[in-house]
Amino acid sequence: MASDSRRAKLWDLPVRLIHWSFVVLLPLLWWTAENGEMDLHMTLGLVMLGLVVFRVLWGLVGSSTARFASFVRGPITVISYLRGLSKSESETSAGHNPAGGWSVVLLLGLLAVDVGLGLIAQNVDGVTGSLNYLVSYDQAEQATELHELGFNILLAVIVLHIAAILFYTFVKKDRLVPPMITGSKDLPTAVTTPVMAPAWRILPCLLIAAALTWWVSIGAPTSLEQFNAPPPVDASEYM
Amino acid sequence: MNRKITAIAALTLGLASAAVYAAKPADIIAARQANFKVIGKSFKGIMDEMRKPAPDMAMIKASANALAGGSSKVSGYFPKGSGPEAGAKTHALPAIWAKNADFKKSAANLVAASKKMQLAANSNNIDTVKAAFPALGGTCKGCHDQFKAKD
């Protein structure tokens, strides 16, 4: 491989940081929910919201391997890719393969939906997501159940995700984990070098994600009157 | 003699009604869950109103009344035999009956806090309502932690 490949930057820093943040955050979110640490659960949930928003923005303006447009492929491409999996062909393009691209969309989508459900959820102690006041008691009850179901679906997809990584590592001899840590990979010369986004683009994406998260955290006020209204009840006051 | 008959009759009636009561634990469980739902809805009703730019005191009053009514019924909804052994789905833990005095105290805390909330709502002062709220919320968790199973 040494002669017909070269080391290239594959995943930029935001992609890697966000990916591993999910790995750290999800178990924490699960643990806090199971142990009734709802204050922390909601704070971490808002961090998750910020990360998901950032990742979506980065999927529009980030590096070539981070962009949805580069890795979301049509069903025919996906099927023919999956059919060719058994053959030992070397990769023809850098970044997410046609199947993996959809796994990213699915995982991000499930995260987004579950964060959304969490925002309107409530628990039996009267602890509520920051947008709970916008829905009725019964709607919130349903959302709470779906929030739990959504997490379980997410877990199933994560299992699939990890199974795929193991398949690539041991069957296809393509180690996917190291590049997700270091950012770099030996790519065949035939493969076009990924184009990394300039670092300054992180800033506007970060600002938008942070602003949106903050706005949601204060209950998504849509008028100045609402903005100046009393803050939501802080559950920690009676926890 | 007459008094004795009356006493026996009363006892029989009492046992009979207790038997009827105990015969349908599933109904008791359903009724108590409906009652907790009333409490939950009223709690949310107050909480949602509190954060509006102009809270509707009439709404808060209505919720506080419903909440106080529901709260006063809580301890009566836990006759012996209406726990997990009843067969119907319930989150009621056996500790409710094992540590019944503690449970009754927790329920009484809710009643007291809900009455304070009722008074606060009737004072027509939103700040008094807000001041009464944390203690009220605390009684939910205070009881659930010991006596309610997690999902």
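A few points about this structure:
- Per residue, the convex hull volume that the Cα atoms of region A:134-224 enclose (Å³): 167 Å³
- Peptide A:113-126 has a mean shielding of 3, counted as Cβ atoms of other protein chains within 10 Å of each residue's Cβ.
- Set of aspartates and glutamates near B:Lys141 by C-alpha distance (under 17 Å), chain-local residues within fewer than 8 positions excluded: A:Glu34, A:Glu37, A:Asp39, A:Asp125, A:Asp234, A:Glu237, B:Asp102, B:Asp151
- In the calculated pair-distance distribution of region A:71-193, the portion above 18 angstrom amounts to 64 percent of the Cα-Cα pairs.
- Normalising by residue count, region B:25-147 has a Cα convex hull of 85 Å³ per residue.
- Neighbour-count order for B:Lys150, A:Lys87, B:Lys41, fewest beta carbons within 10 angstrom listed first: A:Lys87, B:Lys150, B:Lys41
- Over 19 Å (Cα to Cα) - which of B:Lys41/B:Lys73; B:Lys24/B:Lys105; B:Lys37/B:Lys105; B:Lys44/B:Lys105; B:Lys80/B:Lys115; B:Lys24/B:Lys99 fall in this group: B:Lys24/B:Lys105; B:Lys37/B:Lys105; B:Lys44/B:Lys105; B:Lys80/B:Lys115; B:Lys24/B:Lys99
- Based on the Kirkwood approach, the hydrodynamic radius assigned to region A:10-78 is 13.5 Å, with every pair of different Cα atoms included.
- A straight Cα-to-Cα reach below 18 Å connects A:Lys172 with the lysines A:Lys87, A:Lys185, residues fewer than 8 places away in its own chain not being considered.
- Residue with peak Gaussian network fluctuation, chain A [Cα springs, cutoff 10 Å], from A:Val104, A:Val72, A:Val191: A:Val191
- Residues whose amide H comes within less than 5 Å of that of A:Ser5, counting only those at least five positions distant or on another chain, are A:Thr189 (H built at 1.01 Å from N in the peptide plane).
- Protection proxy ranking of A:114-124, A:30-40, B:136-146 - average other beta-carbon atoms within 10 Å, highest first: A:114-124, B:136-146, A:30-40
- 222 nm mean residue ellipticity, helices alone, for chain A (DSSP H n ≥ 4; -39,500 (n - 2.57); rounded to 500): -20000 deg cm²/dmol
- 3J(HN,Hα) along region A:136-149: 6, 4, 5, 4, 5, 4, 4, 4, 5, 5, 5, 4, 6, 4 Hz, from the Karplus curve 6.51 cos²θ - 1.76 cosθ + 1.60 with θ = phi - 60°, whole Hz, x for Gly and Pro.
- ³J(HN,Hα), Karplus 6.51/-1.76/1.60, whole Hz, each residue of region B:130-143, x for Gly, Pro: 4, 5, 7, 5, x, 4, 5, x, x, 5, 4, 5, x, 7
- Between B:Ala135 and B:Ala95, the C-beta separation translates, for a Förster distance of 22 Å, into a calculated FRET efficiency of about 0.45.
- Rg(Cα) / (2.2 N^0.38 Å) computed for the protein assembly as shown, rounded to two decimals: 1.33
- Taking 17 Å as the straight-line reach from the Cα of A:Lys9, the aspartates and glutamates in range (excluding those fewer than 8 positions away in the same chain) are A:Glu91, A:Asp174, A:Asp186.
- Cα Rg over Rh - region A:8-237, Kirkwood: 1.02
- Charged-residue dipole, Cβ positions (Lys, Arg, Asp, Glu), chain A about Cα centre, Debye nearest 20: 1720 debye
- What you get for region B:25-147, charging only the Cβ of Lys and Arg (+1) and of Asp and Glu (-1), is a dipole of about 60 debye around the Cα centre.
- Under-5 Å amide H pairs with B:Ala88, H placed in peptide plane, nonlocal only: none
Values in this text are rule-based calculations from the coordinates and carry no lab data. If you're wondering where the values come from, they're calculated on a predicted model, not measured in any experiment. Here Cβ is always computed from backbone atoms with ideal geometry, including for glycine, and neighbour counts include all displayed protein chains.
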